[in-house]
Amino acid sequence: MSNALVVFSGGQDSTTCLGWAKSRFEKVETLTFDYGQKHRVEIYQAKKIAQLLGIENFVLKFDAFSQLGDSALIDSGMDISSAHKHKPNLPASFVPNRNAVFFTLAHAYAQKQGINHIITGINQTDYSGYPDCRQNFIESLELALNLGSESIIKFHYPLIHLSKAQTFLLAKETGILDIVLQQSHTCYNGDHNTWNDWGYGCGICPACMLRAKGWQEYEEKFTK
Ligand SMILES: [Zn+2]
């Protein structure tokens, strides 16, 4: 057993990863990126969840994505429910190379902290089709980053093939479901005031709809 770093956005998936990591590793730390995302509530909730669990949370700030502004998650002029300006097959919420940058920085932070395991909540099953959430991408990046730094740091992605319903089940199994429901933030409209059975959110943006559908399936398949 050793130490692990969870790449932690404060959303449903990375909060579930925190439960998964806590059940497997002796010590767990979290790393949150402040990259100019429109909804600051994400960073606030990430800090709050880490505090509630007594886990260290380091917030790494950088404004390169704000300067690029090529996503509805950053540029308020873009409609979240439309297609991406330059990638018609992807939603406007896609941030080009976001995970490549996040995981590269996480890998550097892990080297600094002497951590050999990085956990990310990427998922290729029922998300928005982001190509940087696929297993072949993360495997390639892991290889490149370890070659480029003479490191042996393992990336773990326990949610990669899970549906949102199965992710709720994993949260339940690792004892973190209440925190996922009450504290994690998913909503693309930044709504953390409207309560629903599945947590806080507007209920109509693509992220809320996916989370709501997953909760409904979880209740039907795993609680009856
Ligand atoms: Zn929403």
Counted residues, region 164-214 - those being more than 10 Å from the ligand (Cβ to nearest atom), assigned to a loop (DSSP other than H, G, I, E, B) and touching a residue at least 12 places away in the same chain (Cβ under 8 Å): 6
Condition broken by Ile153, with the remaining ones in (1) β-branched (Val, Ile, Thr); (2) buried (at least 21 other Cβ atoms within 10 Å of the Cβ); (3) away from the ligand (no atom under 16 Å from the Cβ) satisfied: (2)
Number of the condition not met by Ile49 [criteria: (1) in a loop (DSSP other than H, G, I, E, B); (2) out of contact with any Asp or Glu (no Cβ under 8 Å at 6 or more places or on another chain); (3) closer than 22 Å to Lys164 by Cβ]: (1)
Residues of region 67-107 satisfying the condition of being surrounded by 20 or more Cβ atoms within 10 Å (Cβ to Cβ), closer than 22 Å to Gln135 by Cα and of a type in the set (Ser, Thr, Tyr): Ser93
Cβ pairs under 8 Å, 6+ apart, first in region 81-107 and β-branched (Val, Ile, Thr), second crowded, with 17+ Cβ neighbours inside 10 Å and modelled with pLDDT under 85: Val95/Phe65; Val95/Asp70; Val95/Ser71; Val95/Leu73; Val95/Ile74; Val101/Phe65
Count of residues meeting criterion [over 15 Å from Leu162 (Cα atoms) and part of a loop (DSSP other than H, G, I, E, B)] in region 131-151: 2
Top-ranked residue in region 215-224 [being out of contact with any Ser or Thr (no Cβ under 8 Å at 6 or more places or on another chain) and not in a loop (DSSP other than H, G, I, E, B); ranked as nearest to the ligand (Cβ to nearest atom)]: Trp215
Count of residues meeting criterion [hydroxyl-bearing (Ser, Thr, Tyr), within 28 Å of Val6 (Cβ to Cβ) and at pLDDT 75 or above] in region 58-106: 3
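What number of residues within region 169-224 are closer than 12 Å to Gly11 by Cα, among the aliphatic types (A, V, I, L, M) and either surrounded by fewer than 17 Cβ atoms within 10 Å (Cβ to Cβ) or out of contact with any strand residue (DSSP E or B) (no Cβ under 6 Å at 6 or more places or on another chain) (or both)?
If we filter region 169-224 for residues that are closer than 12 Å to Gly11 by Cα, which is where we start, we get 179-188, 190, 192, 199-201, 207-208, 211.
Now drop any that are not among the aliphatic types (A, V, I, L, M), which leaves 179-181, 207.
Restricting the remaining residues to those that are either surrounded by fewer than 17 Cβ atoms within 10 Å (Cβ to Cβ) or out of contact with any strand residue (DSSP E or B) (no Cβ under 6 Å at 6 or more places or on another chain) (or both) gives 179-180, 207.
Of the residues in region 169-224, 3 are closer than 12 Å to Gly11 by Cα, among the aliphatic types (A, V, I, L, M) and either surrounded by fewer than 17 Cβ atoms within 10 Å (Cβ to Cβ) or out of contact with any strand residue (DSSP E or B) (no Cβ under 6 Å at 6 or more places or on another chain) (or both).
The values are calculated or read from the model by the stated rules, or taken from the named source; none is laboratory data. Small disclaimer: the values here were computed from a predicted structure and weren't measured. In this analysis, Cβ positions are derived from the backbone assuming ideal geometry, glycine residues included, and neighbour counts consider all displayed protein chains.
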